[in-house]
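*Asks:* Provided herewith is a single structure, encoded as structure tokens, for subsequent inquiry.
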Amino acid sequence: MEFSQLRSQFPALTQSLGDYPLVYLDTAATSQKPQGVIDAMSRYYQADNANVHRAAHQLSARATSQYEAVRDKVKAFINADRREEIIFTHGTTEGINLVALGLASQLKAGDLILLDSAAHHANIVPWQMLAKQTGAEIVPIPLTDEARLDQDAYRQLLARKPSVVALCHVSNVLGTVNPVKEMIAQAKAVGALTLIDGAQAIAHLEVDMQALDCDFYLFSGHKMYGPTGIGILYGRYEALDKLDPLLTGGEMIKQVSFEGTTFNILPNRLEAGTPPIAEVIGLGAAIDFIQSLPREAVRAHEQALLKRLQAKLKQLGGISLYGAHDDNVGAVAFNLSGEHHQDVGILLDQQGIAVRCGHHCAMPLMQTLGLAGCCRASLGVYSTDEDIDRFIQALKSVKELLL
Ligand code: PMP
């Protein structure tokens, strides 16, 4: 497999910024999109644009069959049991809100919710809203000195029989991978509901609902070479069926009168209003793109790139790396010693290098690490050795300028 040829499928990657070719190392924020995804969405708008599930006409029938075919594609992609377990959302954030707020009638004061200390705010704030509504208590699972979730502390917390355990699969800041399969099994053994934020895992790891056996798994299309505005909430049927709907209105009802309303069955019950149809079709094309690639070779390519990135940053000197391990996925978090992350990011941008700088929507993790923020370089399937070498060269010149 020649990965450098893959790049030509991504039109945005062929541009230069001033005199510098674009080096896109911000895939964890959002991935670039292959031509196949862009084409699938414009084809829909050009030929098939209509609302789904509603009209008797042929355009609506075509839109509906394309939209529902993606549900089957996602089901197969993550090896879910039933198509009704796949809910289209606008992204991971909406999906976690849907679950957390949908659990309000199942939790009571004093119930325990265990959270990942390295979580993205999307997997913290909705739980705080739920805790406020119900009187449930939130306890973060602490990190070890290596910035991994502390498994001994986790086992001790499980002895308190939590109602919910919500983890991330891969940290969006550090790229660390949680042993989610084992942690889910341990949580289930004490009767907890389990939710996994897979936003940073879905493009890089094989994600199999039968193997993981969690209750809920979330991801966003835009981080897996698909469009923004579309995400997936997977829920085990019985767990999903018990959630109160977050949004109500059209599509999610069976019968409405001014005396009262009965709700539709899954999946429609949790998909109120006109859905993001073009985005769903784009997501289907993104899955086709991922499945057209040899999985093992992609994994080996991305791991080799990450190792190169970590090693070259270490060699450069004057760099602090955070939670950098061999088994990380997709991202490296770093600072240039003594320099503000934002300054480093701006100076890199002047040489065509796109990295992300800031708190990465993980303020509690930043507090644990004692940081105001950091830079993050992240990789996609289209990343190359040359990207990494250009980045390191640019960082070297930033270092010479600042230090
Ligand atoms: N969780 C993680 C781990 C993420 O990386 C992100 C996106 N940065 C989110 C949740 C939120 O995803 P979205 O903005 O697509 O809803």
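*Asks:* Looking only at the stretch 224-242, decide whether some residue is out of contact with any Gly (no Cβ under 9 Å at 6 or more places or on another chain), within 16 Å of the ligand (Cβ to nearest atom) and in the same structural domain as F88 (by TED's automatic domain parsing).
*Replies:* The answer is yes, given that some residue of the stretch 224-242 is out of contact with any Gly (no Cβ under 9 Å at 6 or more places or on another chain), within 16 Å of the ligand (Cβ to nearest atom) and in the same structural domain as F88 (by TED's automatic domain parsing).
*Asks:* Among what's in the stretch 37-70 and is part of a loop (DSSP other than H, G, I, E, B) and hydrophobic (A, V, I, L, M, F, W, C), pick the residue that is most open to solvent (accessible area, probe 1.4 Å).
*Replies:* Ranking the qualifying residues of the stretch 37-70, first place goes to A56.
*Asks:* Which pairs have Cβ atoms under 8 Å, sit 6 or more apart or on different chains, and link a residue in the stretch 187-214 that is without any contact (Cβ under 8 Å) to a residue 60 or more places away in the chain and under 20 Å from L101 (Cβ atoms) to one that is open to solvent by 10 Å² or more (accessible area, probe 1.4 Å) and among the charged types (D, E, K, R)?
*Replies:* T194/K188; C214/R236
*Asks:* Any chance you could count how many residues in the stretch 229-270 are touching a Ser or Thr at 6+ places or on another chain (Cβ under 8 Å), part of a loop (DSSP other than H, G, I, E, B) and in contact (Cβ under 8 Å) with a residue 60 or more places away in the chain?
*Replies:* So the count comes out to 3.
*Asks:* Which one of these is among the aliphatic types (A, V, I, L, M) and surrounded by fewer than 17 Cβ atoms within 10 Å (Cβ to Cβ): L6, L13, L17, L25?
*Replies:* Every option except L17 fails the conditions.
*Asks:* So which residues in the stretch 71-110 are among the acidic types (D, E) and either in a loop (DSSP other than H, G, I, E, B) or open to solvent by less than 10 Å² (accessible area, probe 1.4 Å) (or both)?
*Replies:* Of the stretch 71-110, the ones among the acidic types (D, E) are 72, 81, 84-85, 94.
Matches in the stretch 71-110: D81, E85.
*Asks:* Need the failing condition index for P179 against (1) away from the ligand (no atom under 16 Å from the Cβ); (2) open to solvent by less than 20 Å² (accessible area, probe 1.4 Å), just the number.
*Replies:* P179 satisfies every listed condition except (2).
*Asks:* Counting only residues that are in a helix (DSSP H, G or I) and in contact (Cβ under 8 Å) with a residue 60 or more places away in the chain, which one in the stretch 367-385 is surrounded by the most Cβ atoms within 10 Å (Cβ to Cβ)? Steps first, please.
*Replies:* Our first condition is that a residue be in a helix (DSSP H, G or I); within the stretch 367-385, this holds for 367-369, 385.
Next, only the ones that are in contact (Cβ under 8 Å) with a residue 60 or more places away in the chain stay: 368-369, 385.
Details: T368: 15, L369: 21, D385: 14.
Result: L369.
*Asks:* Kindly establish whether C357 is under 29 Å from E206 (Cα atoms), in the same structural domain as R376 (by TED's automatic domain parsing), part of a strand (DSSP E or B) and touching a residue at least 12 places away in the same chain (Cβ under 8 Å).
*Replies:* yes
*Asks:* Would you mention how many residues in the stretch 114-136 are within 15 Å of the ligand (Cβ to nearest atom), surrounded by 18 or more Cβ atoms within 10 Å (Cβ to Cβ) and without any contact (Cβ under 8 Å) to a residue 60 or more places away in the chain?
*Replies:* The qualifying residues number 3.
*Asks:* State the number of residues belonging to the stretch 319-338 that are open to solvent by 10 Å² or more (accessible area, probe 1.4 Å), modelled with pLDDT of 95 or more and either touching a Pro at 6+ places or on another chain (Cβ under 8 Å) or over 27 Å from L205 (Cα atoms) (or both).
*Replies:* Matching residues across the stretch 319-338 total 1.
*Asks:* Determine the pairs where a residue that is hydroxyl-bearing (S, T, Y), located within the stretch 137-148, has a partner that is outside any strand (DSSP E or B) with Cβ atoms under 6 Å apart, the partner being 6 or more residues away or on another chain.
*Replies:* T144/D150
The values are calculated or read from the model by the stated rules, or taken from the named source; none is laboratory data. What you are looking at is a predicted structure, and each value in this text was computed from that prediction instead of being measured. Positions of Cβ are backbone-derived with ideal geometry, glycine not excepted, and every protein chain shown enters the neighbour counts. Each accessible area value is taken on the protein alone, full model and side chains, heavy atoms only, with ligands, DNA and RNA left out. Shrake-Rupley method; radii C 1.70, N 1.55, O 1.52, S 1.80 Å.
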